[in-house]
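Here is the structure we will look at, set down as structure tokens.
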Amino acid sequence: MRFDRFERRGKYMLFGLDDPRTLIVHLRMTGKLQLAPAAGPPAKHEHVILDLDDGRNLHYQDPRKFGRFWLTPTPETVLAKLGPEPLGPDFTPAYLIDKLAGRKAPIKALLLDQRIVAGIGNIYADETLYRAQYTRRSPPATCRRRSRSAARRCAGRAASRHRTLRQQQAAAIYKLYPPRR
């Protein structure tokens, strides 16, 4: 069995295999994957070691054992409930308005809900709210159909939040993975 592709969906890493299965990994809070030369016995907190073709090992370490692994022929069984990617074409101001409508939970809790938008973690939610000048306890603005002007203002606020969220995600990705020159 060999890895033949790599994808990401939200906080999940998808390692495609040369058979119909996919290895899905979610690191959660404390997990990490590390390439290392083939060595002796596992180190402390190493729970999975994958032998690679080139003689190295891929080690999964997690002192708190929060991470998860799935080996599945149908990744959608694990990923079905995820919302759209924040930089993807399905994450639009209209989508955000629809998902926040009638919700009373604080806006930060809604941004962290992976069913609404996939891949937003605590730090990105905080940075996004800071840049959009909201507190984490702010309720989401709801668009009520009282008047056209009120609906336009609400749609404008949602579009602004949407734009800020996308800009924050793009900035974070650029910082972690700057373009190669």
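The values are calculated or read from the model by the stated rules, or taken from the named source; none is laboratory data. All values reported here derive from a predicted model rather than from experimental measurement. Note: ideal-geometry Cβ built from the backbone for every residue, glycine included; neighbour counts use all protein chains shown. Calculation scope for accessible area: heavy atoms of the full protein, side chains included, ligands and nucleic acids excluded. Shrake-Rupley method; radii C 1.70, N 1.55, O 1.52, S 1.80 Å.
Take Phe15: with every protein chain present and a 1.4 Å probe, its accessible area is about 30 Å². Only Cα pairs under 8 Å and 6+ residues apart enter the sum, and on that basis the relative contact order of segment 1-111 stands at 22 percent. Using a Gaussian network model of the chain in which every pair of alpha carbons under 10 angstrom is joined by a spring, one finds that among Ala36, Ala109, Ala94 the greatest mean-square fluctuation is at Ala36.
Could you tell me which of rounded, prolate or oblate describes segment 1-73, using a ≥ b ≥ c as the square roots of the eigenvalues of the alpha-carbon gyration tensor, with rounded for a/c under 1.5 and, failing that, prolate when a/b is larger than b/c and oblate otherwise? It is oblate, given that a/c is not under 1.5 and a/b is not larger than b/c.
For the pair Thr72 and Asp54 in one chain, pulling the backbone fully straight at 0.36 nm per residue adds 4.0 nm over the alpha carbon distance. Apolar share of the accessible surface for the chain: 54 percent from carbon plus sulfur atoms, 1.4 Å probe.
Listed peptides 45-57, 111-123 appear in the order 111-123, 45-57 once ranked by packing, highest mean of other Cβ atoms within 10 Å at the front. Label sites at Thr30 and Thr135, each approximated as a point 7 angstrom past Cα along Cα to Cβ, lie 3.2 nm apart.
For segment 66-115, the alpha-carbon coordinates run over 37, 27, 17 Å along the three principal axes, in decreasing order.
Counting only protein heavy atoms and a 1.4 Å probe, segment 1-68 has 66 square angstrom of accessible area per residue. Applying Stokes-Einstein at 25 °C and 0.890 mPa s to the Kirkwood radius of segment 1-145, computed over alpha-carbon pairs, gives a translational diffusion coefficient of 140 µm² s⁻¹. Candidate membrane-span-like segments in the chain, meaning DSSP H helices with Cα atoms spread over at least 27 Å of their own axis and a Kyte-Doolittle mean of 1.6 or above, do not occur, with no membrane implied either way.
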